[in-house]
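Here's the structure, in structure tokens; my notes come after.
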Amino acid sequence: MIDKIPFNKPYFAGKEVQNIVNAAYYGHLSGNGAFTKMCHYFFEERWGFKKTYMTTSCTDAFEMAALLMDLKEGDEVIMPSFTFVSTTSPFMLRGANIVFADSLADHPNMDMNKVEALITDKTKVLLVMHYGGVAVDMDKAVALAKKYDLILMEDMAHAIDSYYKGKPLGTFGDFAAFSFHETKNVSSGEGGLLAVNNEKYIDKADIIWDKGTNRAAFERGEVDQYEWVGLGASYMPSELISGMLYAQLENMDDIQQKRIKIWERYYENLKVLEEKGFAKVPHIPDFSTNNGHMFYLLLDDKMQRDALIKFMDSKHIMTVFHYLPLHNSPYYKSKHDGRPLPNAERFADTLIRLPFFYELPLMIVDMISDKVKEFFN
Ligand SMILES: *Cc1c(COP(=O)(O)O)cnc(C)c1O
């Protein structure tokens with residue numbers, strides 16, 4: 001029995017268990033079997049990523065990318081402060097320093113006009129995150145990466161099946177990291193994927209992904225035995241994970257359609273709040289698509305936002321805030337260079353996310369919207 005409308009409910013396509021059973025019957029449960037390869041094929045064919053690697057999480061996809069980049073102590077990585085912590089540790093573990101950038105005034109995405117001033121001769125990586133599936137200004141990101149010879153990486157955790165000027169997000173960067181955590185559009189509970197678009201990293205990626213061996217070359221018949229040829233790790237998930245994910249990928253169009261409908265219903269219901277000056281609704285710039293990842297409102301201040309969360313809770317509806325800015329976090333505070341990042345701080349204080357999941361009926365979206373309006377009346 002559900003006594004509360006949850007914020008999230010993991011999507012279940014129905015074929016997940018069948019895929020897992022099939023993997024067991026087939027007798028290949030470790031990684032890189034048929035389902036892993038089908039997931040790779042899906043991503044490479046549908047969106048045009050050059051080479052993809054299933055991983056056990058998005059965080060692990062970042063770790064794998066950070067290894068591939070061959071970062072040195074003191075290299076700098078520019079990324080938004082308003083994002084999930086997964087993006088930081090993989091680079092810091094390699095000895096890099098993080099330089100946090102502020103958000104736009106009207107959207108949590110990184111303000112690309114403020115990035116150039118942060119670039120030094122130590123900057124090696126520019127990392128962008130497409131918040132809520134809304135594209136960062138990729139013309140600017142690509143131009144900066146080119147001008148200063150930076151590695152460009154995209155955090156795709158929110159942005160699967162979203163596009164910038166018609167081109168799939170995740171295909172702009174040298175690398176892109178996806179998450180299949182249960183809160184994302186498609187999920188395997190925990191899981192991720194690294195897309196490598198720059199060919200020069202692919203041979204090394206094959207080796208790192210497979211524990212430092214050249215098994216990929218062996219499977220292609222290029223060498224007659226596989227052996228230890230480099231440093232590696234074990235980011236490859238089992239067939240159980242890939243089988244679960246594949247069942248969802250097969251329903252990708254249905255999932256996206258349904259989620260976009262939910263988003264649009266919230267938007268139609270709640271845009272009146274912006275017209276009346278009570279709260280702001282999200283706006284999708286012309287250059288971006290909407291992939292129905294989440295719906296949020298922006299309130300005036302933290303007190304009002306927290307009061308709305310409490311009010312919704314009293315109506316048995318779970319709502320949540322989002323990211324506490326990383327530059328202010330307990331671990332990082334003393335390491336930050338002290339630059340104020342006012343927009344990131346404001347979004348942390350004023351953003352509220354409403355229940356959002358595949359199974360959420362539009363009738364309940366209407367009911368939730370009514371409760372939100374009731375709060376402002
Ligand atoms: C969910 C999320 C991640 C982390 O994904 P995991 O698969 O849990 O490692 C990274 N970045 C962003 C923006 C996320 O929302």
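Readers should treat all values here as calculations from the given coordinates under stated rules, not as data from a laboratory. Remember, it's a predicted structure, so these values are computed and weren't measured experimentally. FYI the Cβ positions are ideal-geometry reconstructions off the backbone, even for glycines, and counts take in every protein chain you see.
Here is how the numbers come out for the structure above:
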read-out: Length added when fully stretched, Asn22-Asp253, from 0.36 nm per residue minus Cα-Cα; value: 80.8 nm
read-out: Cβ crowding within 10 Å averaged over residues, with 266-276, 34-44 ranked highest first; value: 34-44, 266-276
read-out: Cα long-axis angle, helix 362-376 against the chain (0 to 90 degrees, to the nearest 10); value: 50
read-out: Residues of region 268-296 with amide N under 18 Å of a point placed 7 Å along Cα→Cβ from Lys315; value: 268-282, 295-296
read-out: Inter-label distance for Asn113 and Asn328, nm, one decimal - labels placed 7 Å from Cα along Cα-to-Cβ; value: 2.3
read-out: Rg/Rg_globular for region 16-249, with Rg_globular taken as 2.2 N^0.38 Å and Rg from C-alpha atoms; value: 1.01
read-out: Translational diffusion of region 211-366, µm² s⁻¹ [Kirkwood Rh, Cα pairs; Stokes-Einstein; 37 °C; 0.692 mPa s]; value: 165
read-out: Farthest toward positive dipole pole in the chain [+1 Lys/Arg, -1 Asp/Glu at C-beta], among Phe100, Ile352, Phe172; value: Ile352
